[in-house]
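Following: one structure in C-alpha cells, then a few remarks.
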Amino acid sequence: MQKKDNCKYIFVVGGVMSSVGKGIAAASIGKILQSRGYRVANLKADMYVNIDAGTIRPAEHGEVFVGDDGVEADQDLGNYERFTNQTSTKEDYITTGQIYAEVIRRERNLEYGGEDVEVYPDIPKEIIRRITACHEKNKSDITIIEYGGTVGEYQLLPFLEAARMMKSKNPGDVFIVLTSYLPTPSLLGEQKSKPTQRAINDLHSMGLNPDFVLCRADHPATPDIKRTISNVCSLPIERIISAPDVYSIYDVPVNFEKENFGEILLKTIGLPPRQKDLADWTALANKIKKINKEVKIGIVGKYFNFKSCKDTYISVIESVNHATWNLGYKPNIIWLDTERYEADKGKLKELEELDGIILPGGFGKRGTEGMILVADYARQHKIPYFGLCLGMQILTISFARNVLNIKKANSTEFDSSTPDPVIATMADQVEKIKNKNYGATMRLGSYPCTLKNGTVAASAYGKKEITERHRHRYEVNNSYVERLEKAGLVFSGISPNGELMEIAELPKRMHPFYLGTQFHPEFKSRPLAPHPLFTAFIKASISKKSPTQGSISKKELSKKLVKVV
Ligand code: GLN
C-alpha cells in the first residue's frame with residue numbers, strides 16, 4: 001500500500017468509563033515523545049454534534065478552552081498545551097458536528113460529483129482528512145488523537161472506523177492505546193480486569209486490537225492482571241502499562257517512564273530510540289510533593305457539578321498551582337458560592353480567612369450580585385483579588401457602585417435596561433445577540449494589549465506589549481472611563497487602538513493586589529512557566545497570610561464557606 005505521509009498516528013481511546021484521565025494520558029504520551037526529540041501533535045475528537053464547545057453549559061461540559069486563533073475547544077486542549085507547551089489551533093479539535101457540517105457543505109457544492117453521500121464511508125473519510133490535516137499543520141512526526149467517550153458507544157463508531165481504515169491501509173503507522181479502568185470493589189479489595197476485557201472485546205468487534213493498554217486504577221496493575229489483559233489482546237506484557245492515581249497530574253509522564261513506556265512505545269511504532277530529557281519536569285513533579293506551606297485561595301464558582309468546580313475552572317486551578325508551587329507554596333483552594341452572600345451579607349466576614357480571591361469567567365446574571373459584594377469586600381478589606389474576564393467586569397461594577405456612588409451601575413448582560421451600563425455590549429455583538437447568532441461569535445482568541453508604565457500589571461509582566469486570549473461579548477463602557485479613573489481605578493492595559501479597557505487595577509499604595517483582566521490569562525500559564533499575573537497575585541496572597549493560618553483545617557473552612565448546589 002502506498003504511504004501518504006511519514007507520520008505515525010496514535011489513537012487514544014477509552015474503555016469502561018470516561019473521566020479517568022484519558023486527556024492527561026494523551027498529553028503525557030505527547031510529553032514523553034516530545035522529550036525524546038520528536039515533533040508531536042495532539043488532537044482531540046469529541047463525539048457531540050455541537051460544532052465546538054462554546055455553546056455547551058460549563059457545568060455540563062467543563063471549561064471551554066480558548067486558543068490563540070479563537071478555537072473554543074474541549075478542556076483537553078489545555079492539558080495538551082500545559083504538557084507540551086505547544087499552541088493549539090482549530091486543526092487540533094474536531095467534533096461530529098464539524099465532520100457532518102463539512103460533508104454536507106461539500107455535497108451542496110457538488111464536490112461528490114453526483115455520487116450518493118453516505119454515512120459510510122464518507123463520514124470516516126472526512127474524519128481521516130481532518131486527522132491528516134492536523135498532522136500537516138503541525139508537521140508532526142507523531143500525531144496523537146484522543147477520542148472522547150468510551151469504546152462501545154454508538155457515536156464513536158465512525159471515529160473507530162476511521163482508525164481501522166487508516167490502520168488497514170498503513171498498519172505500521174497507526175496504533176491504538178486503550179486507556180481503561182480497573183476497579184477495586186471495596187468488599188473484595190481485589191483489582192478486577194473484566195470490564196477492561198469487555199472494552200477490548202468492543203474494540204475487537206470494530207476490527208481493532210489495542211497496541212497498548214493503560215491501566216488506570218487507584219493502585220498499580222498487579223502482575224496477574226497485566227498477564228490476563230495481555231492474553232486477551234495477545235500483547236507482550238510490557239505493553240500493559242500501569243497508570244495508578246498519582247499525587248499530581250504532572251507525575252503521569254514521570255510514572256509512564258518508570259515503566260519505560262517512551263522506549264517501548266517508540267520501538268512499537270517503529271521510530272528510533274532517543275535520549276529523553278524530562279529532568280525539569282521530573283524536578284517539578286517531585287518538588288510539588290515536598291511543599292508543606294500553603295496559601296488559601298478562594299475561587300468564586302458558579303458552575304458547580306457533583307460537588308466540584310474542578311472541570312469548569314481547570315485552567316484557573318492549574319494556573320494557581322503553577323504560580324503557587326513556583327513560589328514554594330501549595331494552594332488550598334476554597335470554592336465560594338456567592339449566592340449565599342446575597343442571602344446573608346454577614347457571611348462575607350468569612351472571606352477574611354482567605355489569603356486571596358479569584359473571580360473567574362462566567363456568563364449570565366445568576367450569582368452576580370453576590371460577586372459584586374465579594375469584590376467590594378475584598379477591596380475594602382485589602383484581600384488580594386484577581387478578576388478574570390467576568391471578574392474584571394464585576395470589579396468595575398462594584399467600584400462604580402460603591403466608590404463613585406453610581407448605585408444602579410451594572411452590565412447590560414445582567415440588566416439590559418440599566419440606566420448606568422458601566423459594562424456594555426460590544427458594538428459588534430449587538431446584532432449577533434439580536435439574531436441569536438451565538439456560535440463562535442464572541443470576541444475570541446489572541447489580541448494585543450499595551451500596558452501603562454508604573455502599574456501593577458506592567459511590573460508583573462516586565463514588558464509593555466502583551467498578547468492574551470479573550471472570550472467575551474461585553475466590555476467596559478468608555479463613557480464611564482474618565483469618572484472611574486478620577487476615582488482611582490487605573491486602566492493599566494488597553495488595546496493598541498486605545499478603545500478597549502483590557503486591565504483594571506488599583507495602585508499598589510491603595511491595595512496589595514486588586515486587578516482584573518478582560519482576557520483569560522489562565523490559558524497561557526505553564527507548569528514550568530507560571531503566568532506573571534498569577535505569580536503577582538499569589539505573591540500578594542502569600543504576603544497577606546491570614547492570622548488564623550494553620551489554626552483552621554481545610555475541611556472546617558470548606559464547611560464554613562462552601563455551599564454546594
Ligand atoms: N459574560 C461576560 C462577557 O461575555 C464575561 C465573559 C467571560 O467571563 N469569559 O463579556
*Of these, Ala457, Ala440, which one is surrounded by fewer than 16 Cβ atoms within 10 Å (Cβ to Cβ), closer than 24 Å to Gly67 by Cβ and hydrophobic (A, V, I, L, M, F, W, C)?*
Ala440
*Among the residues of the stretch 381-413, which ones are of a type in the set (S, T, N, Q) and in contact with a Pro (Cβ under 9 Å, 6 or more places away or on another chain)?*
Asn410, Ser411, Thr412
_I'm trying to understand the selection: among the residues of the stretch 242-270, which are touching a strand residue (DSSP E or B) at 6+ places or on another chain (Cβ under 8 Å), within 30 Å of Val320 (Cβ to Cβ) and outside any helix (DSSP H, G or I)?_
Ser242, Ala243, Pro244, Asp245
*asked:* Going through Gly189, Gly207, Gly152 one at a time, which residue ends up being part of a loop (DSSP other than H, G, I, E, B), at positive phi and without any contact (Cβ under 8 Å) to a residue 12 or more places away in the chain?
replied: Gly189
*asked:* Need the failing condition index for Lys554 against (1) away from the ligand (no atom under 16 Å from the Cβ); (2) at pLDDT 95 or above, just the number.
replied: (2)
*Does Ile237 qualify as being touching a strand residue (DSSP E or B) at 6+ places or on another chain (Cβ under 6 Å) and among the β-branched types (Val, Ile, Thr)?*
no
*Which helices (runs of 4 or more DSSP H) sit wholly inside the stretch 1-93 and have at least 1 residues that are within 12 Å of the chain's Cα centre (by Cα) and hydroxyl-bearing (Ser, Thr, Tyr)?*
76-84
*asked:* Checking Pro496 against (1) under 24 Å from Tyr474 (Cα atoms); (2) under 22 Å from the mean Cα position of the chain (by Cα); (3) surrounded by fewer than 24 Cβ atoms within 10 Å (Cβ to Cβ), only one condition comes out false. Which one?
replied: (2)
*Name the residues in the stretch 373-409 that are within 16 Å of the ligand (Cβ to nearest atom), over 20 Å from Lys486 (Cα atoms) and hydrophobic (A, V, I, L, M, F, W, C), would you?*
Val374, Phe386, Leu388, Cys389, Leu390
*Test: Gly298 is away from the ligand (no atom under 16 Å from the Cβ), over 17 Å from Gln393 (Cβ atoms), touching a residue at least 60 places away in the same chain (Cβ under 8 Å) and not hydrophobic (A, V, I, L, M, F, W, C)*: yes
_The listed residue being surrounded by fewer than 20 Cβ atoms within 10 Å (Cβ to Cβ), small (Gly, Ala, Ser) and modelled with pLDDT of 95 or more, out of Gly30, Gly78, Gly67, Gly37_ = Gly37
*Quick one: which helices (runs of 4 or more DSSP H) lie wholly within the stretch 410-527 and hold at least 2 residues that are within 12 Å of the ligand (Cβ to nearest atom)?*
430-434
*Answer with yes or no whether Gly367 is among the small types (Gly, Ala, Ser) and within 28 Å of the chain's Cα centre (by Cα).*
yes
*Say we look at the stretch 344-369 and pick out the residues that are of a type in the set (D, E, K, R) and more than 16 Å from the ligand (Cβ to nearest atom); which of these is surrounded by the most Cβ atoms within 10 Å (Cβ to Cβ)?*
Asp355
*asked:* Tell me yes or no: at least one residue of the stretch 411-432 is closer than 28 Å to Gly370 by Cβ and touching a Leu at 6+ places or on another chain (Cβ under 8 Å).
replied: yes
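The values are calculated or read from the model by the stated rules, or taken from the named source; none is laboratory data. A quick note: this is a predicted structure, and the numbers were derived from the prediction, not measured. Backbone-built Cβ (ideal geometry, glycine too); neighbour counts: all protein chains shown.
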